[in-house]
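Following this message is one structure expressed as structure tokens.
The values are calculated or read from the model by the stated rules, or taken from the named source; none is laboratory data. The shown structure was predicted, so the numbers you read here are calculated from the model rather than taken from an experiment. Don't worry about glycine lacking a Cβ; one is built from the backbone with ideal geometry, like all the others, and counts go over all protein chains shown.
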Amino acid sequence: MLVGIVGKPNVGKSTFFTALTLATAQIASYPFTTIQPNKGVGYVRSPCPHTGFGKPCTPNNSLCEDGTRFVPIEVLDVAGLVPDAHAGRGLGNKFLDDLRQADAFIHVVDASGGTDFEGNPVGVGTHDPTLDVTFLERELTYWLYGILEKNFAKMAKQSKLTGTKLEKMLHEKLTGLSVTESQILASFRHAGLDPDPTQWGEPELLRYCSSLQKISKPMIIAANKADIAPPENLERLKSTGYPVIPTSAEYELALRRASKANLVSYVPGSGAFEITDKSKLNPNQLAALDKMSSWLKAHTSTGVQSILEEVVFKVLDLMVVYPVEDEHKWADKQGRILPDAYLMRRGSNARDLAFKVHSDLGDNFIRAIDGRTHMVIGHDHVLKPADVIKIVAKA
């Protein structure tokens, strides 16, 4: 799966991306530092079932440390967006085209109010960060509108005349955006428009595109620079209707780098760290770490790791499931224990997991076996988080 990091220039997007992935990204305090998209991998945490099995796991597509499975998530940081990008300002819609396959967006907002619409530095508290949320919504809506507008009237008319479902036609139109038919149909209901799309004009189609954006590309707000943000700005952002998590990407990046250099002991997402050797740190570094420690105690974490997990487990409503080939040993053919961790949407069934592993398993599905109870389960058995499942298929 892919999570896109979006926002206007100079709000800390690349710092957030680097802190989350420790991938190299150009970071500077001026607009349009990022031109080409930066790709990296972040991880979400989930308890590993091996702790209750009595044998250590042998991860293949993920990592496991001290009973916690770290499942990889592809993350993309793209060029900053300015108002009217859909009309060609700034870098135009290039950043959105880079994110066509994204399953969700993390909108990094300068919660301190210290950057204007163009990403230029201004005094802290000068700019209202909720306006950044409004303009990004508008740009996303117009981006989708630009894709649909050209042939929408023709498709709506053809659907009415031939009886072909409009959602199927739109799905073909939007196939490059990872939008599903069910999301298209849900957007029709959510928009609350005339059920006859042939009657829609520009305002109605824009309203539909707004609904489609919220459903097909859900978004969460990283209220970045929260360590210097006026408290009222954080409260304003909560009024936007999106999930909001205060973040300090600078603190997270500093701690991850210090941990990598063995200067501190820090687990990403935790609310504390320990200095491993004070003799290696100068007074300024010790003072900075003391400041970070105080902030962590007040906020429980830097928010960077938390926001990725919020996206995956709450916004996208996914869970971790473990397919195996031997339900007794919880192993694959090579004898690796719990080798693969798959992210599945809550409500998925055993056949959905079979298709996730391989289309042939889904097509030839016979039954599944629960690795914990060893009971046979059918194709429509609803999976639970941390399930261990064997798929039985026709050869």
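Could you please let me know if residue 133 is assigned to a helix (DSSP H, G or I) and either closer than 27 Å to residue 331 by Cβ or at pLDDT 90 or above (or both)?
Spelling it out, residue 133 is indeed assigned to a helix (DSSP H, G or I) and either closer than 27 Å to residue 331 by Cβ or at pLDDT 90 or above (or both).
Of these, 388, 382, 357, 392, which one is farther than 27 Å from residue 313 by Cβ and either in contact (Cβ under 8 Å) with a residue 24 or more places away in the chain or under 26 Å from the mean Cα position of the chain (by Cα) (or both)?
392
Sort out which residues of segment 244-298 are in contact with a Pro (Cβ under 9 Å, 6 or more places away or on another chain) and in contact (Cβ under 8 Å) with a residue 40 or more places away in the chain, and write them in order of number.
Residues satisfying the conditions are 252, 255, 256.
Which condition from (1) outside any loop (DSSP other than H, G, I, E, B); (2) of a type in the set (Val, Ile, Thr); (3) out of contact with any Pro (no Cβ under 6 Å at 6 or more places or on another chain); (4) in contact (Cβ under 8 Å) with a residue 40 or more places away in the chain is the one that residue 215 breaks?
Single failed check for residue 215: (4).
Do you know which residues across segment 373-395 are closer than 12 Å to residue 362 by Cα and surrounded by 13 or more Cβ atoms within 10 Å (Cβ to Cβ)?
379, 391, 392, 393
While we're on this one: With respect to residue 125, determine if the residue is in contact with a helix residue (DSSP H, G or I) (Cβ under 9 Å, 6 or more places away or on another chain), modelled with pLDDT under 95, small (Gly, Ala, Ser) and not in a helix (DSSP H, G or I).
yes
Among the residues of segment 225-268, which ones are outside the structural domain of residue 43 (by TED's automatic domain parsing), surrounded by fewer than 19 Cβ atoms within 10 Å (Cβ to Cβ) and within 15 Å of residue 306 (Cα to Cα)?
Listed by number, the list holds a single entry, 267.
Let me ask you something else. For a quick check of your reading of the model, give me the residue pairs whose first member lies in segment 141-154 and is in contact (Cβ under 8 Å) with a residue 24 or more places away in the chain, whose second is part of a helix (DSSP H, G or I) and among the polar types (S, T, N, Q), with beta-carbon atoms closer than 7 Å and at least 6 apart or on different chains.
Cβ pairs passing all conditions: 141/210; 141/213; 144/213.
Find all pairs meeting these conditions: Cβ atoms under 8 angstrom apart; at least six residues apart or on different chains; first residue within segment 118-135 and closer than 20 Å to residue 246 by Cα; second residue acidic (Asp, Glu).
Short answer, once both residue conditions are applied: 126/116; 127/110; 127/116; 129/110; 132/110.
Just to verify a result, which residue in segment 46-78, among those that are small (Gly, Ala, Ser) and either within 23 Å of the chain's Cα centre (by Cα) or buried (at least 16 other Cβ atoms within 10 Å of the Cβ) (or both), is farthest from residue 106 (Cα to Cα)?
Selected residue: 62.
A follow-up question, please. Given the options 348, 306, name the one that is crowded, with 17+ Cβ neighbours inside 10 Å, touching a residue at least 60 places away in the same chain (Cβ under 8 Å), within 30 Å of residue 105 (Cα to Cα) and small (Gly, Ala, Ser).
306
A quick yes/no check of all residues on (1) within 28 Å of residue 182 (Cβ to Cβ); (2) of a type outside the set (A, V, I, L, M, F, W, C):
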site	(1), (2)
211	yes, yes
215	yes, no
226	no, no
241	yes, yes
246	no, yes
249	no, no
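Would you point out the residue of segment 191-208, among those that are over 19 Å from residue 143 (Cα atoms) and not hydrophobic (A, V, I, L, M, F, W, C), that is nearest to the chain's Cα centre (by Cα)?
In this case the residue turns out to be 192.
For (1) aromatic (Phe, Trp, Tyr); (2) modelled with pLDDT of 95 or more, each residue gets a yes or a no:
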residue: 192; (1), (2): no, no
residue: 208; (1), (2): yes, yes
residue: 231; (1), (2): no, no
residue: 243; (1), (2): no, yes
residue: 260; (1), (2): no, no
residue: 290; (1), (2): no, yes
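So, one more: Among the residues of segment 269-296, which ones are surrounded by fewer than 17 Cβ atoms within 10 Å (Cβ to Cβ) and either over 29 Å from residue 310 (Cβ atoms) or touching a Cys at 6+ places or on another chain (Cβ under 7 Å) (or both)?
276, 277, 278, 279, 280, 282, 283, 284, 285, 286, 287
Take segment 184-194 and flag every residue that is over 16 Å from residue 153 (Cβ atoms) and assigned to a loop (DSSP other than H, G, I, E, B).
Residue satisfying the conditions is 192 alone.
Another question, then. Look at segment 103-135 and say how many of its residues are over 29 Å from residue 343 (Cβ atoms), surrounded by fewer than 24 Cβ atoms within 10 Å (Cβ to Cβ) and not polar (S, T, N, Q).
14
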